[in-house]
Structure formats: C-alpha cells, structure tokens
Amino acid sequence: MVNVHVHQFTRRGDVVDAAAMEEFHKQWGAYQKLVDSNVLSHREVGGILHEAVLALARPFSFVDIACGDASLTKTALTGTPVTHYHGIDLSQPAIDLAATNLEGMLFEADLDHEDFVVALEDRPEPTDVAWCGLSLHHLETGQKRDLIRAIHGSTASFLMIYEPARRDGEDRKSWIDRFLATHKLRWSMLSPAEWDHIAHHIATCDFPETASGWLELGREAGFSRARELFADPTDTLRVFRYDR
C-alpha cells in the first residue's frame, strides 16, 4: 500500500497564481463535470502520458505540478513502474483530495502544499519525469519561463504539459473569443451560473502562449528538444513534451 505524506510549508514571498487558485476553489464542482464528460480530452491526454512513461522501460520518479486531485495522473501511472510520486499544489482542498485518491497505489507519495517554483528549487534530487496540466497558462510569460527553467533544473528525463494554446498569429482576445464560442455548446452539462463563472475566469486569468511560443519557452529553459504531441478536437488545448 502507498504511504502518502502531506507536507505544509510556510510561504516565502508572493504565491504564484494566488488569484487563479482562489477561482479554482470556487469552481471545483463545475470543473469535475468537465473532467467526467471528457470535454477537455482528459482520457486521451492521460493515455499519452501513460504511454510516455511506459516507454522509459525502467522504474522512475514523477513530479505532478499543480496536481489538483491527482485523478488524471493516478490513472496514467497505474500499471507503470513508478517508484515515487511528488504532487505540488497551492490548494489545500486539492491536496486533501489527492491524498484520498492516491490511497492504495503501489508507490510512495509526497504531497506538498507549496509554491511551485519554491518546491522544485528545494528538491534534494532530480525527478525523472515532470508533468503539469492546465495550470501554467495562468502565469505571465516571464513567470512561465522561470517555472519551466526550474522544472528543467530538477528533471532528469522529460517534462510534459497540457495547456491552452493560441494559434500562431492569434492574440489573447481572439483566442478567448474563439474558446468561449467553441465550448459554450460543448459544455452543456454546466449550469448557466457555472458557465458564467468559468467564462469570467478564462477572460481574466488565462494567458495562453501560441503553440510555437510554448515550444520556445522550453528551449529557452534549457531543454534540448521540444515538440507538440496532441491537439484536442477544438484546437484550443495541446500537449507539449520537452526532453533533456
């Protein structure tokens, strides 16, 4: 059985993405509806992550940045030779949910309620694989660059991210307009109040890079190879992989 260790840390300086995390707390139930209905392609993305870690063909350690409730990574890591899981999140309720979800898994797990950059810089040894899903886009470009650089410094094999991405040449406002117009009908499982809340969050807290911009951030951080692995059916969300 897994031993899950939850760690609390004193925050040093400004917490990255505090406003976005406050919004996250309010919309957890709505977000779970989106996950359960797979309109965000979680099943496909989890399968891509599963195949990527299986291809390592050896035991590995794994860090889950902005882990949330760890549901996607729990599924992706099932049946793999993962030896240690490290989840990091700024949301205490998310950490609590992750601790419950990871009970019964066959690997050691540490869950940190802490700022992402601080947690990665304080790691005593590199992890093999790093993952971050639907969180980096809340940061400004410079903050994204700093975080990916910190991930590069603490990751021995590769980083994968799943994030909103603008088309090349598309500005932020055009992407937001396209995203909301595309998903309003697809997200019919949401109540009008839930839709309005998420739409407000997207309009105020989402800062996606272009696809080529996401790739360039990885190269600037020191990764030797950056590539796109997947685009969702709406062409608004993409998976990127960065290799040492």
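The values are calculated or read from the model by the stated rules, or taken from the named source; none is laboratory data. Fair warning: this is a prediction, and the values are worked out from it, not measured in the lab. Reconstructed Cβ throughout: ideal geometry from the backbone, glycine too, with neighbour counts over all protein chains shown. When the accessible area is computed, the model is the full protein with side chains, heavy atoms only, and any ligands, DNA or RNA have been set aside. Shrake-Rupley method; radii C 1.70, N 1.55, O 1.52, S 1.80 Å.
Given the criteria in contact with a strand residue (DSSP E or B) (Cβ under 9 Å, 6 or more places away or on another chain), open to solvent by less than 20 Å² (accessible area, probe 1.4 Å) and either closer than 27 Å to Ser37 by Cβ or not acidic (Asp, Glu) (or both), does Leu56 qualify? Give the derivation first.
Working: in contact with a strand residue (DSSP E or B) (Cβ under 9 Å, 6 or more places away or on another chain): yes; open to solvent by less than 20 Å² (accessible area, probe 1.4 Å): no; either closer than 27 Å to Ser37 by Cβ or not acidic (Asp, Glu) (or both): yes.
Considered against the rule, which asks whether it is in contact with a strand residue (DSSP E or B) (Cβ under 9 Å, 6 or more places away or on another chain), open to solvent by less than 20 Å² (accessible area, probe 1.4 Å) and either closer than 27 Å to Ser37 by Cβ or not acidic (Asp, Glu) (or both), Leu56 comes out as no.
Does Asp177 satisfy being more than 23 Å from Cys132 (Cβ to Cβ) and either open to solvent by 60 Å² or more (accessible area, probe 1.4 Å) or modelled with pLDDT of 95 or more (or both)? Full working, then the answer.
On the way: more than 23 Å from Cys132 (Cβ to Cβ): yes; either open to solvent by 60 Å² or more (accessible area, probe 1.4 Å) or modelled with pLDDT of 95 or more (or both): yes.
Here the answer is yes, as Asp177 does meet what is asked.
Residue-by-condition table, conditions (1) β-branched (Val, Ile, Thr); (2) touching a strand residue (DSSP E or B) at 6+ places or on another chain (Cβ under 8 Å); (3) buried (at least 17 other Cβ atoms within 10 Å of the Cβ):
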position: Glu170; (1), (2), (3): no, yes, no
position: Met189; (1), (2), (3): no, no, no
position: Pro192; (1), (2), (3): no, no, no
position: Asp196; (1), (2), (3): no, no, no
position: Ile202; (1), (2), (3): yes, no, yes
position: Leu215; (1), (2), (3): no, yes, yes
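Scan region 86-114 for residues that are under 10 Å from Gly68 (Cα atoms), in contact with a strand residue (DSSP E or B) (Cβ under 7 Å, 6 or more places away or on another chain) and open to solvent by 30 Å² or more (accessible area, probe 1.4 Å) and jot them down. Of everything in region 86-114, just one residue is under 10 Å from Gly68 (Cα atoms), in contact with a strand residue (DSSP E or B) (Cβ under 7 Å, 6 or more places away or on another chain) and open to solvent by 30 Å² or more (accessible area, probe 1.4 Å), namely Gln92.
Evaluation of Thr83 against the conditions (1) over 22 Å from Arg244 (Cβ atoms); (2) surrounded by fewer than 18 Cβ atoms within 10 Å (Cβ to Cβ); (3) among the polar types (S, T, N, Q) shows that the sole unmet condition is (1).
Return the residues of region 110-130 that are under 15 Å from Pro59 (Cβ atoms), in contact (Cβ under 8 Å) with a residue 12 or more places away in the chain and not hydroxyl-bearing (Ser, Thr, Tyr); say none if nothing qualifies. Spell out how you get there, then give the answer.
Initially, region 110-130 is screened for residues under 15 Å from Pro59 (Cβ atoms), giving 125-129.
Now narrow it down to the ones that are in contact (Cβ under 8 Å) with a residue 12 or more places away in the chain: 126-129.
Within region 110-130, Pro126, Asp128, Val129 qualify.
Residues that are charged (D, E, K, R) and either in contact with a Pro (Cβ under 6 Å, 6 or more places away or on another chain) or open to solvent by less than 60 Å² (accessible area, probe 1.4 Å) (or both) were ranked within region 115-161; the one that is modelled with the lowest pLDDT is Arg123. Of all residues in region 121-136, exactly one satisfies the criterion of being over 23 Å from Val53 (Cβ atoms) and part of a helix (DSSP H, G or I), namely Glu121.
Take the conditions in contact with a Gly (Cβ under 9 Å, 6 or more places away or on another chain) and surrounded by 20 or more Cβ atoms within 10 Å (Cβ to Cβ) and apply them to Ala76. Does it pass?
Working: in contact with a Gly (Cβ under 9 Å, 6 or more places away or on another chain): yes; surrounded by 20 or more Cβ atoms within 10 Å (Cβ to Cβ): yes.
Yes: the conditions hold for Ala76.
The one condition from (1) open to solvent by less than 50 Å² (accessible area, probe 1.4 Å); (2) in a helix (DSSP H, G or I); (3) touching a residue at least 40 places away in the same chain (Cβ under 8 Å); (4) farther than 18 Å from His86 by Cβ that Pro164 does not meet is (2).
Residues in region 148-155: is at least one touching a Phe, Trp or Tyr at 6+ places or on another chain (Cβ under 6 Å), over 26 Å from Leu54 (Cβ atoms), touching a residue at least 24 places away in the same chain (Cβ under 8 Å) and not in a strand (DSSP E or B)? Taking every residue of region 148-155 in turn, none turns out to be touching a Phe, Trp or Tyr at 6+ places or on another chain (Cβ under 6 Å), over 26 Å from Leu54 (Cβ atoms), touching a residue at least 24 places away in the same chain (Cβ under 8 Å) and not in a strand (DSSP E or B).
May I ask you to say which residue of Ile88, Ile95, Ile161 is of a type outside the set (Ser, Thr, Tyr), under 16 Å from the mean Cα position of the chain (by Cα) and closer than 18 Å to Leu217 by Cβ? Even if it seems obvious, please write down each step before you answer.
Values: Ile88 fails: closer than 18 Å to Leu217 by Cβ; Ile95 fails: closer than 18 Å to Leu217 by Cβ.
The match here is Ile161.
Has region 222-242 got at least one residue that is open to solvent by less than 20 Å² (accessible area, probe 1.4 Å), at pLDDT below 95 and of a type outside the set (Ser, Thr, Tyr)? There is no residue in region 222-242 that is open to solvent by less than 20 Å² (accessible area, probe 1.4 Å), at pLDDT below 95 and of a type outside the set (Ser, Thr, Tyr).
The single condition among (1) farther than 26 Å from Gln143 by Cβ; (2) open to solvent by 10 Å² or more (accessible area, probe 1.4 Å); (3) among the β-branched types (Val, Ile, Thr); (4) out of contact with any Pro (no Cβ under 8 Å at 6 or more places or on another chain) that Ile48 does not satisfy is (1).
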